[in-house]
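K.L.:
Once you've had a glance at the structure underneath, I'll fire off some questions.
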Amino acid sequence: MKKKTILFLFLTIIGGISFLTFSCGNSKKNDLKKNIMEKQNGEIKSEIKLKYLAKNDVEVTFWNSKKISDKQAENLAEFGKHEKELTEKIKLAIFEYYKSVYDDYKSGIDLANVKLTKKQLEEILPIPTTPEKLFEKYQIGNIHIQDDKNCKLGTIGLEFDCDWDIENGLGVKIENWQIKEVGVAESSYY
């Protein structure tokens with residue numbers, strides 16, 4: 001139990017992030033181990049608070065895991081350290097991706113014969129003007145950490161909810177702390 005507590009203190013102090021709540025929603029010291037180990041479909045779920053990419057707590061999924069390994073915990077802690085520098089790169093990469101698919105989404109709405117006012121359309125499908133303006137239309141919903149065997153430092157998936165594609169979402173794959181891929185949410189899965 002002490003090793004887990006020290007690990008989470010390390011993540012909080014060094015990593016610049018903090019584990020707030022676990023799947024049970026109970027943060028008593030005696031229940032901490034039980035809460036972390038509660039699995040759903042072969043994965044462990046947790047939540048963290050980010051400083052730059054989110055206003056709310058963000059879910060973290062540790063894939064195919066029976067426990068959170070030191071490697072997985074270190075990867076998440078390192079993401080906390082890199083979050084500030086990655087935020088602008090992520091916003092720009094998403095903006096560039098969105099600009100490239102904007103006309104396709106607009107055509108889809110036109111083909112569906114949905115009658116929307118210009119204002120209604122822009123609520124769903126904002127005109128791509130700046131990365132910051134677009135950032136208002138999506139929010140991070142999940143951070144994906146690979147299983148211990150495949151987990152590599154600097155490799156992480158970010159899944160976003162977005163107004164323009166509520167069914168497929170938005171995903172960013174990061175490798176070696178560089179943006180590797182932007183696409184629908186599936187892009188963030190490893």
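The values are calculated or read from the model by the stated rules, or taken from the named source; none is laboratory data. Since the structure is predicted, the reported quantities are computational estimates derived from the model, not experimental observations. Positions of Cβ are backbone-derived with ideal geometry, glycine not excepted, and every protein chain shown enters the neighbour counts. Accessible surface areas use protein heavy atoms only, side chains included; no ligands, DNA or RNA. Shrake-Rupley method; radii C 1.70, N 1.55, O 1.52, S 1.80 Å.
K.L.:
Just wondering, is there one or more residues in the range 114-131 that are open to solvent by less than 70 Å² (accessible area, probe 1.4 Å), free of Cβ contacts under 8 Å to residues at least 12 places away in the same chain, in a helix (DSSP H, G or I) and under 19 Å from residue 181 (Cβ atoms)?
P.N.:
no
K.L.:
So, in the range 151-187, exactly how many residues are of a type in the set (A, V, I, L, M, F, W, C), touching a helix residue (DSSP H, G or I) at 6+ places or on another chain (Cβ under 7 Å) and part of a loop (DSSP other than H, G, I, E, B)?
P.N.:
4
K.L.:
Of the conditions (1) open to solvent by 80 Å² or more (accessible area, probe 1.4 Å); (2) modelled with pLDDT of 95 or more; (3) not polar (S, T, N, Q), residue 102 fails just one. Which one is it?
P.N.:
So residue 102 meets the others, but not (1).
K.L.:
Okay, next question. Residue 151: open to solvent by less than 20 Å² (accessible area, probe 1.4 Å) and farther than 21 Å from residue 55 by Cβ, yes or no?
P.N.:
Numbers: open to solvent by less than 20 Å² (accessible area, probe 1.4 Å): yes; farther than 21 Å from residue 55 by Cβ: yes.
So residue 151 passes the test.
K.L.:
In this structure, does residue 148 turn out to be over 17 Å from the mean Cα position of the chain (by Cα), acidic (Asp, Glu) and assigned to a helix (DSSP H, G or I)?
P.N.:
No, not satisfied.
K.L.:
Residue by residue through the range 98-143, note down the ones that are among the β-branched types (Val, Ile, Thr), within 26 Å of residue 50 (Cβ to Cβ) and out of contact with any Asp or Glu (no Cβ under 8 Å at 6 or more places or on another chain).
P.N.:
Within the range 98-143, 101, 129, 130 meet the criteria.
K.L.:
Considering only residues of the range 154-177 that are within 17 Å of residue 74 (Cα to Cα) and touching a residue at least 60 places away in the same chain (Cβ under 8 Å), which is most open to solvent (accessible area, probe 1.4 Å)?
P.N.:
Looking only at the range 154-177, we keep the residues that are within 17 Å of residue 74 (Cα to Cα), and these are 154-158, 174-177.
With the extra rule that they be touching a residue at least 60 places away in the same chain (Cβ under 8 Å), the set shrinks to 154-156, 158, 174, 177.
Numbers: 154: 0, 155: 12, 156: 0, 158: 0, 174: 0, 177: 31 Å².
Residue satisfying both the conditions and the ranking: 177.
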